[in-house]
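Undergrad: So that we are looking at the same thing, I have put the structure below in structure tokens.
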Amino acid sequence: MVVSDKANIRIMLCNLLGIDVGRFRDRIAMPVGGVSVVELGVHGPLMHALADRSYLEENLRSLPSH
């Protein structure tokens, strides 16, 4: 488990998924409180969830994410 601010999480995800790290703001949307799950397996990283906020109550999920 890694807990960090959203910029660091997006940079790590770009690196794992082979996306140009310099474009992390343009390529991955990451709302505050989002949970992402990546499995590191023998064939490389496998994305299971990206920025999931389903665990939050509806009034919190609908808040802007900037």
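Undergrad: Whole-Hz ³J(HN,Hα) for each residue in the stretch 49-64, computed from phi via Karplus 6.51 cos²θ - 1.76 cosθ + 1.60 with θ = phi - 60°, x for glycine and proline: what do you get?
TA: 8, 10, 6, 6, 10, 5, 6, 7, 5, 3, 5, 7, 4, 7, 5, x
Undergrad: Could I ask something else about it? Of the options N59, A7, G44, report the single residue whose Cα projects farthest towards the positive end of the charge dipole of the chain (beta-carbon charges: Lys, Arg +1; Asp, Glu -1).
TA: My answer, from the dipole projection, is A7.
Undergrad: What does the extension gain come out to for V37 and L63, with contour length at 0.36 nm per residue minus their alpha carbon separation?
TA: Working it through step by step, the gained length comes to 7.2 nm.
Undergrad: With +1 on the Cβ of every Lys and Arg and -1 on the Cβ of every Asp and Glu, and nothing else charged, how large is the dipole of the stretch 6-61 about its Cα centre, in debye rounded to the nearest 20?
TA: It comes to approximately 220 debye.
Undergrad: So what are the three principal axis dimensions of the stretch 6-61 from its Cα atoms, in whole Å, longest to shortest?
TA: On the principal axes, the stretch 6-61 reaches 37, 26, 13 Å in Cα extent.
Undergrad: Quickly estimate the mean residue ellipticity at 222 nm for the chain, helices only: each DSSP H run with n ≥ 4 gives -39500 (n - 2.57), and the total goes over all residues, rounded to 500.
TA: Roughly -7500 deg cm²/dmol at 222 nm, from the helical runs in the chain.
No value in this document is a laboratory result; all are computed from the given coordinates. The shown structure was predicted, so the numbers you read here are calculated from the model rather than taken from an experiment. With ideal geometry, Cβ positions are generated from the backbone for all residues, glycine too; neighbour counts draw on all protein chains shown.
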